[in-house]
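K.L.:
One structure, as structure tokens, below. Some questions next.
The values are calculated or read from the model by the stated rules, or taken from the named source; none is laboratory data. This one's a predicted model, so the numbers in the text were calculated from it and none came from an experiment. Please note: Cβ atoms are built from the backbone with ideal geometry, for glycine as well, and neighbour counts cover all protein chains shown.
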Amino acid sequence: MKLLKEKVMTEGIVLSDQVLKVDSFLNHQMDPVLMREVGAEFARLYAGEKITKVLTIESSGIAPAIMTALELDVPMIFARKHKSLTLRDDILVEKVYSFTKRETNEITVSKKFLNKDDRVLIIDDFLANGEAAFGLARVVEQAGASVVGIGIVIEKSFQPGARLLEEAGYRVDSLVRIASLDNGTVTFV
Ligand code: G4P
Ligand code: NA
Ligand code: NA
């Protein structure tokens with residue numbers, strides 16, 4: 001996606017050879033025009049797939065997910081990261097380990113928003129090791145629903161997430177793919 005690539009090149013800050021900071025348009029301040037284009041692109045990629053729900057994880061996945069859901073004219077659900085205090089019986093729970101943060105979080109989705117007939121498009125802002133995406137996929141499968149695909153705004157292709165998800169049989173569509181962040185420079189695939 002041309003506009004997204006330009007944003008990454010002009011506003012992305014390479015923090016290390018592993019981490020790209022994009023807080024001016026995706027992770028803190030958000031660019032609604034860019035998010036609208038991101039949503040339109042995912043909707044185009046999944047047109048004809050009969051998507052019934054878009055699923056993401058709070059917080060940075062919400063903007064691209066809501067724009068995608070708007071374009072597809074379906075609801076958007078975000079998995080919560082904080083522990084729910086009530087109704088543990090009525091929620092789907094999965095553990096997600098973050099290599100970046102070296103911690104395990106429980107993600108939760110209310111059972112009432114996913115059912116076995118749902119055809120779900122998972123959306124997230126970044127794909128690194130794939131732990132968040134695998135956790136979201138397990139939530140969908142726990143509900144007996146289908147994961148139709150996984151749409152990622154920025155894939156770090158030098159980390160194993162995309163490969164592992166594809167090896168597990170999931171369709172993965174990333175709008176930009178970064179081959180390397182070495183020497184303080186963004187190199188696209
Ligand atoms: P994984 O799910 O692919 O295994 O990724 P990981 O655990 O490493 O990611 C932990 C958090 O860091 C996630 O955000 C993820 O989006 C973010 N992240 C991973 N790599 C990068 C990067 O290079 N740049 C930026 N800006 N973020 C990255 P989160 O903790 O869920 O936070 P939120 O922003 O969604 O609230
Ligand atoms: Na994030
Ligand atoms: Na995220």
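K.L.:
For the range 82-94, state whether one or more residues are within 14 Å of ligand 3 (Cβ to nearest atom), in contact with a strand residue (DSSP E or B) (Cβ under 6 Å, 6 or more places away or on another chain) and modelled with pLDDT of 95 or more. Steps first, please.
P.N.:
Taking the range 82-94 first, the residues within 14 Å of ligand 3 (Cβ to nearest atom) are none.
No.
Here's the yes/no breakdown for (1) surrounded by 21 or more Cβ atoms within 10 Å (Cβ to Cβ); (2) closer than 28 Å to F188 by Cα:
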{"residue": "V74", "(1), (2)": "no, no"}
{"residue": "R102", "(1), (2)": "no, yes"}
{"residue": "N115", "(1), (2)": "no, no"}
{"residue": "A133", "(1), (2)": "yes, yes"}
{"residue": "R138", "(1), (2)": "no, no"}
{"residue": "A145", "(1), (2)": "no, no"}
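K.L.:
Is there a residue in the range 27-47 that is more than 16 Å from ligand 3 (Cβ to nearest atom), β-branched (V, I, T), within 18 Å of the chain's Cα centre (by Cα) and closer than 30 Å to G144 by Cα?
P.N.:
Within the range 27-47, none of the residues are more than 16 Å from ligand 3 (Cβ to nearest atom), β-branched (V, I, T), within 18 Å of the chain's Cα centre (by Cα) and closer than 30 Å to G144 by Cα.
K.L.:
Here's something else I'd like to know. Here is a check on your reading of the model: is E155 at pLDDT 95 or above, in a strand (DSSP E or B), among the charged types (D, E, K, R) and near ligand 1 (Cβ under 10 Å from one of its atoms)? Before the answer, list the steps.
P.N.:
Details: at pLDDT 95 or above: yes; in a strand (DSSP E or B): yes; among the charged types (D, E, K, R): yes; near ligand 1 (Cβ under 10 Å from one of its atoms): yes.
Criteria met by E155.
K.L.:
Also: Sort out which residues of the range 161-189 are surrounded by 14 or more Cβ atoms within 10 Å (Cβ to Cβ) and assigned to a loop (DSSP other than H, G, I, E, B), and write them in order of number.
P.N.:
Residues of the range 161-189 surrounded by 14 or more Cβ atoms within 10 Å (Cβ to Cβ): 161-162, 164-165, 170-178, 180-181, 186.
Within the range 161-189, Y170, R171, L181, V186 meet the criteria.
K.L.:
Among the residues of the range 33-61, which ones are of a type in the set (A, V, I, L, M, F, W, C) and surrounded by 18 or more Cβ atoms within 10 Å (Cβ to Cβ)? I'd like the intermediate steps shown before the answer.
P.N.:
As a first pass, look at the range 33-61 and keep what is of a type in the set (A, V, I, L, M, F, W, C): 33-35, 38, 40, 42-43, 45, 47, 51, 54-55, 57.
If the condition is that a residue be of a type in the set (A, V, I, L, M, F, W, C) and surrounded by 18 or more Cβ atoms within 10 Å (Cβ to Cβ), then L34, M35, V38, F42, A43, I51, V54, L55, I57 are the ones that fit.
K.L.:
May I pose another question? State yes or no: is M9 within 18 Å of K156 (Cα to Cα), modelled with pLDDT of 95 or more and either part of a helix (DSSP H, G or I) or within 16 Å of ligand 3 (Cβ to nearest atom) (or both)?
P.N.:
Working: within 18 Å of K156 (Cα to Cα): yes; modelled with pLDDT of 95 or more: yes; either part of a helix (DSSP H, G or I) or within 16 Å of ligand 3 (Cβ to nearest atom) (or both): yes.
Taking the combined requirement at face value, the residue satisfies it.
K.L.:
Scan the range 44-60 residue by residue and report those that are out of contact with any Pro (no Cβ under 9 Å at 6 or more places or on another chain) and either within 14 Å of ligand 1 (Cβ to nearest atom) or not β-branched (V, I, T) (or both). Show your work before the answer.
P.N.:
Pass one, the range 44-60, residues out of contact with any Pro (no Cβ under 9 Å at 6 or more places or on another chain): 44-51, 55, 57-60.
The answer is R44, L45, Y46, A47, G48, E49, K50, L55, I57, E58, S59, S60.
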